Amino acid sequence: MAIGALIGAYQEDDSGGLRALLPLAGRTLIEYQVRCASAAAAAPIIIVVERVPQALQDAFERLRLDGIGVFPVTDVNETVSRFEAGATILLIGDGIAPPVELVTTVTAEPEPAVATVRDDQAHEAFERIDGESRWAGVAVVDAHLLGSTAAMLGDWDLQSTLLRRAIQEGARRMPVAVADEPLLVETAGELVDFQRHLVRTSRGDRNDWTSRFILPPVEDFATEQLMETEVRPAWLIWAALGLTLAAAICFTRGWLGAGLVLLVLSTPLDLVAARLAKLRMKPFPVGMWSRLALWPAGGLAALAIGWWEMRHGTGWGSMVAAASACGFAEAARIEKSGMPSGGDLWLVSRRNAIFLAIPFALAGVWTAFLLGLLFYAAVSFFIVQRVRHPRSS
C-alpha cells in the first residue's frame, strides 16, 4: 500500500525561529525528519508550513539535490490533493526527533497505529492522548481521514485533529520502549545528546584491525567536520579511488614513499563516506562500482611496487610475490564473505596491507614487504578456508 508523509514545520522555538530549523548533524531537524520518512519509503512528503523563510527553502533544496522530493503546503485543501485515495499517511510531529527505527517500525504496521509514551513528568511536553499516554510524535493514519478532517477543521491544528480522529476510529497504540523514545525539542541544546548518539552509531562494525584501532580518531574528527558541509559521500569514495590510483602511478615512477603516503591518506575516506551517508540516511547502493573498485585499485598498487622492484634489483621474484599476494588476498576476500561479522579482524584487507607496509618502507625493504604481504595473504586465506570448510571428523 502506498504511504505518504505529513510533517509539521510551523511551530517556533524559544528564540522565535522555527523548530524545524534547529541544527542536527550538520543539517536541520526538518531534513532529518524528511530523511526518516524517505527511509520508510514515504512519498510524497508534504511539509505543513505557515511561511517558508530562506533557511527552510535552503533545506528543501538540499533534500531535492539528494533526490528527495518535498512539497511545502500552507493550505489544507492543497494538502488533501497531494495524497492518493486509499493511501496511508505517516505523521511526524513538529519538533519531533524520532529514531529512524521507530519510524520504520510504525510504518510497517498493517493498520493505523499511534506511537505513545507514558503520561508522566518526563513527557509533559508531548501531546496528551488520555490519562495514561501521550503521543510520541509518530503515527500512521488512513488517508480518507484527511479529507473529512479538512472539511471540519476550521481553526484546529491539522496533525492534532488527524491524530485524535485516528484514535477515535480505533488506531492501535504502540508504547515506545525507553531506549527508542523520540525527542520533542524547543531549543538547539536539547538536540546535542541526540546528535552525539547519531554520530556515534554511524560508525557501525569495523572488520579490520586498522579501522578498529588506528583510524577511529581521524574518522570521528573528519565525520564531525564534514557533516556540516555540502561534501557528498560519493565524492570521498572517488577521492579514495583517485589517491589509490595516483599511488600506483607513483610506484611505477619509483616514488615509493610518496605512493605510500597517498595510500595512507586514502584509508579513512571510504569509512567517513559511509558514515556521512548513514547520517544523511542515504546509504550507498550495494553495487556502487567506485566503492567496489577500491580493492582492485589497491591490488594494482601492489603490482606496481612489484614491477618497480623487479626492474631495479630484485628480479622477477618481486613481481611473482606481488601477483601471488594479490591472488591469495582476493581468494580470502571472496571466501570470508561468508564468515560471521567480526571474524576477519586480523585477516588481510586493503587497509591492513597499507599499514603493514609502513615499517618496511621506513627500513627501505620493499621486496621484503611484498614477501610479508604474500605470507599474510596466504595465511589469511588458509585461516578462512579452515573456518568455512572445517575438516570432517
**OP:** Among what's in segment 299-310 and is of a type in the set (Gly, Ala, Ser) and within 33 Å of the chain's Cα centre (by Cα), pick the residue that is surrounded by the fewest Cβ atoms within 10 Å (Cβ to Cβ).
**Re:** Gly299
**OP:** Report yes if some residue within segment 279-300 is modelled with pLDDT of 95 or more, small (Gly, Ala, Ser) and touching a Cys at 6+ places or on another chain (Cβ under 6 Å); otherwise report no.
**Re:** yes
Subject >> Residues that are closer than 13 Å to Ala377 by Cβ, at pLDDT 95 or above, surrounded by 17 or more Cβ atoms within 10 Å (Cβ to Cβ) and among the charged types (D, E, K, R), drawn from segment 311-367 >> reply: Arg350
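Working only within segment 211-239, note down all residues that are closer than 15 Å to Phe355 by Cβ and assigned to a helix (DSSP H, G or I). Even if it seems obvious, please write down each step before you answer.
Here is the first cut: in segment 211-239, the residues closer than 15 Å to Phe355 by Cβ are 211-219.
Within segment 211-239, Ser211, Arg212, Phe213, Ile214, Pro216, Pro217, Val218, Glu219 qualify.
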Subject >> Of all residues in segment 224-261 being of a type in the set (Val, Ile, Thr) and at pLDDT 95 or above, the one that is surrounded by the most Cβ atoms within 10 Å (Cβ to Cβ) >> reply: Thr244
**OP:** Given the conditions (1) surrounded by 15 or more Cβ atoms within 10 Å (Cβ to Cβ); (2) hydrophobic (A, V, I, L, M, F, W, C); (3) in a loop (DSSP other than H, G, I, E, B), report the number of the one that Ala41 does not fulfil.
**Re:** (1)
Subject >> Failed item, numbered, when Asp180 is tested on (1) closer than 30 Å to Ser15 by Cβ; (2) buried (at least 18 other Cβ atoms within 10 Å of the Cβ); (3) in contact with a helix residue (DSSP H, G or I) (Cβ under 7 Å, 6 or more places away or on another chain); (4) modelled with pLDDT under 95 >> reply: (2)
**OP:** Would you please list the contacts, defined by Cβ atoms under 6 Å and residues six or more apart or on different chains, that run from a residue in segment 253-270 that is free of Cβ contacts under 8 Å to residues at least 40 places away in the same chain to a residue that is not in a helix (DSSP H, G or I)?
**Re:** none
Original post:
What number of residues in segment 1-18 are outside any loop (DSSP other than H, G, I, E, B) and out of contact with any strand residue (DSSP E or B) (no Cβ under 7 Å at 6 or more places or on another chain)?
Top reply: 0
Subject >> Test for Ala277: is it in contact with a Pro (Cβ under 7 Å, 6 or more places away or on another chain), surrounded by fewer than 20 Cβ atoms within 10 Å (Cβ to Cβ) and farther than 15 Å from Phe355 by Cβ >> reply: yes
Original post:
From the list Val261, Val199, which residue is assigned to a helix (DSSP H, G or I) and within 30 Å of Arg118 (Cα to Cα)?
Top reply: Val199
Original post:
Only one residue in Pro296, Pro268, Pro285 is surrounded by 23 or more Cβ atoms within 10 Å (Cβ to Cβ) and either under 25 Å from the mean Cα position of the chain (by Cα) or closer than 23 Å to Leu65 by Cα (or both), so which one is that?
Top reply: Pro268
Subject >> Single condition Glu124 does not satisfy, out of (1) farther than 30 Å from Thr229 by Cβ; (2) surrounded by 17 or more Cβ atoms within 10 Å (Cβ to Cβ) >> reply: (2)
**OP:** From (1) part of a loop (DSSP other than H, G, I, E, B); (2) touching a residue at least 40 places away in the same chain (Cβ under 8 Å); (3) within 30 Å of Val34 (Cα to Cα), pick out the condition that doesn't hold for Lys278.
**Re:** (1)
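The values are calculated or read from the model by the stated rules, or taken from the named source; none is laboratory data. Just so it is clear, the structure is predicted and the values come from calculations on it, not from any experiment. Cβ: placed from backbone, ideal geometry, glycine included. Neighbour counts: every protein chain shown.
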